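Only one structure is covered here, and it is reproduced in the block below.
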Amino acid sequence: MYVLQMILRKPGSRVLALGCLAWLALAVLCGGVAHAASLDPAVLPKIQAATFEVVAAKPVNDPLTYEKALPMELLPFQERNDKYYSIGTAFALGNNRYVTAAHVLQIGIDSLWGEPALRDASGHVYAIDKIEKFSLQQDFMVFSLVEQPAAATAFEVNVKPALNEVVYAVGNALGTGVVIRDGLYTSDTPEDQDGRWKWMRFSAAASPGNSGGPLLDKDGKVIGIVLMKSANENLNYALPIGMVLNAPDHLAVADTRVAYQLDLFEAPQNGVFKMQFALPMNLHDFYREYQARFDAYEDAQQKALLARESANLFPHGAGSARLLYRRARLDGFPSLIARGSDGEWGFAGGRAQHYVLDGNGYVDIGAVAHDGLFRLRRPDGVDAAKFYGDAKLRMDLLVKTGIFQRDFAGEKIKVTSLGKPRSEAVHIDRWQRPWSVEVWPLPYANALVVVYSLPTPDGCVMLSRLVQASNEHDARLDMDQLSSFIYLTYQGNLAQWKDFLKLPALQPAAFKNIHIDFDYGHRFSYASQRVAFSYTPEVQTIAPDSLLWLGFSFMMDKDQPVWDVADVNVWKTTASDDHDNVNIQRYVAPPAGLDEDLASRWQKLSQRQYPYNGQARQEDDLMKINAVMTPGSSGDKSGALLYTAFYGAAGTHPQPEMKSRLDLLMKDMRVVEH
């Protein structure tokens, strides 16, 4: 995620803090100009003729469906009949030259709306022809129109305005038509990055939609371009018009501090986005050229950040050791592995809501940083192949939770379907897990929903982000990396596992060395390159409703970090009150001084001390018994690797019965890794 470190833009957004996102300020064009005190009435017609709305055509088709028809009749007349969104203001300098804020026209990059255009007070819309000048850091664009307005006039300019004089901010405030508001030109302040020029500060009111409009002196001459609001004061900022006039002709430039950051740790990658290319250029080509350069900059920033952090990026570095040596985590909800301020890598996020679907399906909802995190259980009766192969079906199930709602005419209307995704792809993360990547458009908001879905036996895990339409590359750049830091348990009942195991393309590479076989009522077996075991109903019932969890862990294997199963847990049934289960776990001797708890557990394991001594014990109305594999059965000759076998049963059971079942479980168990 990039962060523009300048007052022009808020973190994580390519749009000015004036709020030019058009879904926050829908177009309501009221023709004419509101009069401001003390301004000569003779100049008002000139101001009206030289000032324009910047508009973008509303989407014609909406792929979304809603819980009910949108109450169009509740919108104001002008709003419901206007075919355009109003996104800012522009003004004429003469000779077919028009000026607006760069961030206003940047809304058009990869937009789901029509290309930005100008609209005059009579409602006529004029297409933009060529971009003539562009400065990202000074936030302006100079351009021409395909067709010149018949009544076009141009503002005169004043490049040496006096401090403490009356000024007038002219613009399409809040999308309600062009208005004029007065105040004072109070001061100048250096731009933040290097003090290369000074912003004009003024007290005339400016609202969302004013961006790109002219700041006038008492005679109606342009002295600056209205660009932004102060974050902490009732003062607004403008770029002196002289900076626009003196900028190089036929050149697009950027020299702006832009920080890149991943939601894995706090440290950003600071840098300056520098580029330039020749103009004039039509709007479409300009967008393509600019976006390609910015995307390349982001790619380079992420690469530099990961290279800088490589020595301490999980699973490397001292801060990773606890996760590499801790026991596998069995958790029904996924987590993001992130680095804390203490340098330690741990699990972030958690389940916040549980939403029940028909057919025993459900959605667990949580969040990590800027992203939504979900676990979706496939409802019974939904065909597995269709579920995994149909992105619309999966999203429709997620949408049932009501997480997508559209604010419309004062109501929150639930979205019931996003329709089909506009694009589908597959991303393979570092641990060779296949994520389905889908992108859904939200045309009314000029936004995208980007979703990464990882198939699991019981459904899927989903990582999602809502972004502006121009930010798809940024989102996918981030999420490609974040996917490798999602920790999850592979879980499902045996019937679900049966369906999942028939679809090898959905399985992570680790499953190539894992063989799970079962015959209801007769036998369950598990075999991998590390451990193998099996059992019959004499140990525990084997049925379609038996629940299998594979607890994956990060571990070192031949000096390379790998992601593999370290915990196999099988419950008799999926019932929440049924605690009968068998369990096989892997343990590795922790480095000296790493963690007292890890060291204490290892001592008990290696010395077969309680509770790993093969003696049954009662804990919370559950009988438990653990044992450690005998040293001679392990391929590891150093003694630094051990496995445990566990059996648990609800109620009270005698020691011989518990020991007998544990012995049956261990009878065919063998450790094969070394």
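Quick check, is residue 230 within 40 Å of the chain's Cα centre (by Cα), surrounded by fewer than 19 Cβ atoms within 10 Å (Cβ to Cβ) and not assigned by TED's automatic domain parsing to the domain that holds residue 276? In short, yes.
Scan region 546-561 for residues that are in contact with a Ser or Thr (Cβ under 9 Å, 6 or more places away or on another chain) and buried (at least 16 other Cβ atoms within 10 Å of the Cβ) and report the count. Total meeting the criteria: 7. Being part of a loop (DSSP other than H, G, I, E, B) and modelled with pLDDT of 90 or more is the filter; apply it to region 555-590 and report the residue that is nearest to residue 316 (Cα to Cα). Per the criteria, the residue is 590. On the basis of being assigned to a strand (DSSP E or B), of a type in the set (D, E, K, R), under 30 Å from residue 270 (Cβ atoms) and under 36 Å from the mean Cα position of the chain (by Cα), does residue 196 make the cut? Against the criterion (assigned to a strand (DSSP E or B), of a type in the set (D, E, K, R), under 30 Å from residue 270 (Cβ atoms) and under 36 Å from the mean Cα position of the chain (by Cα)), residue 196 does not qualify. Residues that are modelled with pLDDT under 95 and of a type outside the set (A, V, I, L, M, F, W, C) were ranked within region 144-163; the one that is surrounded by the most Cβ atoms within 10 Å (Cβ to Cβ) is 149. The residue that is farthest from residue 256 (Cα to Cα), among those in region 80-103 that are within 29 Å of the chain's Cα centre (by Cα), outside any strand (DSSP E or B) and in contact (Cβ under 8 Å) with a residue 40 or more places away in the chain, is 101.
Note on region 284-326: among residues that are among the basic types (Lys, Arg) and not assigned by TED's automatic domain parsing to the domain that holds residue 265, the one that is nearest to residue 253 (Cα to Cα) is 322. Filtering region 187-234 to residues that are more than 30 Å from residue 45 (Cβ to Cβ) and modelled with pLDDT under 90 leaves 230, 231, 232, 233, 234.
Checked across region 206-226, the condition of being in a loop (DSSP other than H, G, I, E, B), surrounded by 24 or more Cβ atoms within 10 Å (Cβ to Cβ), hydrophobic (A, V, I, L, M, F, W, C) and in contact with a Lys or Arg (Cβ under 9 Å, 6 or more places away or on another chain) holds for at least one residue. Here residue 592 passes the criteria (1) surrounded by 15 or more Cβ atoms within 10 Å (Cβ to Cβ); (2) more than 30 Å from residue 433 (Cα to Cα) except the one numbered (1).
If only residues of region 394-405 that are surrounded by fewer than 19 Cβ atoms within 10 Å (Cβ to Cβ) and not β-branched (Val, Ile, Thr) are counted, the one that is farthest from residue 377 (Cα to Cα) is 405. In the set 139, 129, 120, only one residue is on the phi > 0 side of the Ramachandran plot and in contact with a helix residue (DSSP H, G or I) (Cβ under 9 Å, 6 or more places away or on another chain); that residue is 139. Among the residues of region 337-375, those that are of a type in the set (A, V, I, L, M, F, W, C) and more than 26 Å from residue 583 (Cβ to Cβ) comprise 338, 348, 352, 356, 357, 363, 365, 367, 368, 369, 373, 374.
Filter region 352-408 for residues that are among the aliphatic types (A, V, I, L, M) and more than 23 Å from the chain's Cα centre (by Cα) and give the result. The answer is 356, 357, 382, 384, 385. Examine region 268-283 for a residue that is assigned to a helix (DSSP H, G or I), at pLDDT 95 or above and not assigned by TED's automatic domain parsing to the domain that holds residue 141, and state whether such a residue exists. The answer is yes; a qualifying residue exists. Each residue in region 424-442 was checked for being crowded, with 18+ Cβ neighbours inside 10 Å and either in contact with a Lys or Arg (Cβ under 9 Å, 6 or more places away or on another chain) or at pLDDT below 95 (or both), and 7 of them qualify.
Against the conditions (1) touching a Lys or Arg at 6+ places or on another chain (Cβ under 7 Å); (2) surrounded by fewer than 19 Cβ atoms within 10 Å (Cβ to Cβ); (3) charged (D, E, K, R), where does residue 538 fall short? Just the number, please. It is condition (1) that residue 538 fails. Going residue by residue through region 320-327, is there one that turns out to be buried (at least 19 other Cβ atoms within 10 Å of the Cβ) and under 20 Å from residue 456 (Cα atoms)? Taking every residue of region 320-327 in turn, none turns out to be buried (at least 19 other Cβ atoms within 10 Å of the Cβ) and under 20 Å from residue 456 (Cα atoms). Among the residues of region 490-502, none qualifies, meaning not one is within 25 Å of residue 427 (Cα to Cα), among the aliphatic types (A, V, I, L, M) and within 28 Å of the chain's Cα centre (by Cα). Of the residues making up region 54-79, those that are surrounded by 15 or more Cβ atoms within 10 Å (Cβ to Cβ) and assigned to a helix (DSSP H, G or I) are 78, 79. Beta carbons closer than 8 Å, at least 6 apart along the sequence or on distinct chains, pair a first residue in region 589-616 that is assigned by TED's automatic domain parsing to the domain that holds residue 643 and under 17 Å from residue 322 (Cβ atoms) with a second that is of a type outside the set (Lys, Arg) and part of a loop (DSSP other than H, G, I, E, B) for 589/639; 589/640; 598/590; 599/590; 599/592; 602/589; 602/590.
When region 321-359 is filtered for residues that are in contact (Cβ under 8 Å) with a residue 40 or more places away in the chain, part of a loop (DSSP other than H, G, I, E, B) and under 30 Å from residue 416 (Cβ atoms), the ones remaining, listed by number, are 332, 333, 334, 357.
The values are calculated or read from the model by the stated rules, or taken from the named source; none is laboratory data. Just so it is clear, the structure is predicted and the values come from calculations on it, not from any experiment. Backbone-built Cβ (ideal geometry, glycine too); neighbour counts: all protein chains shown.
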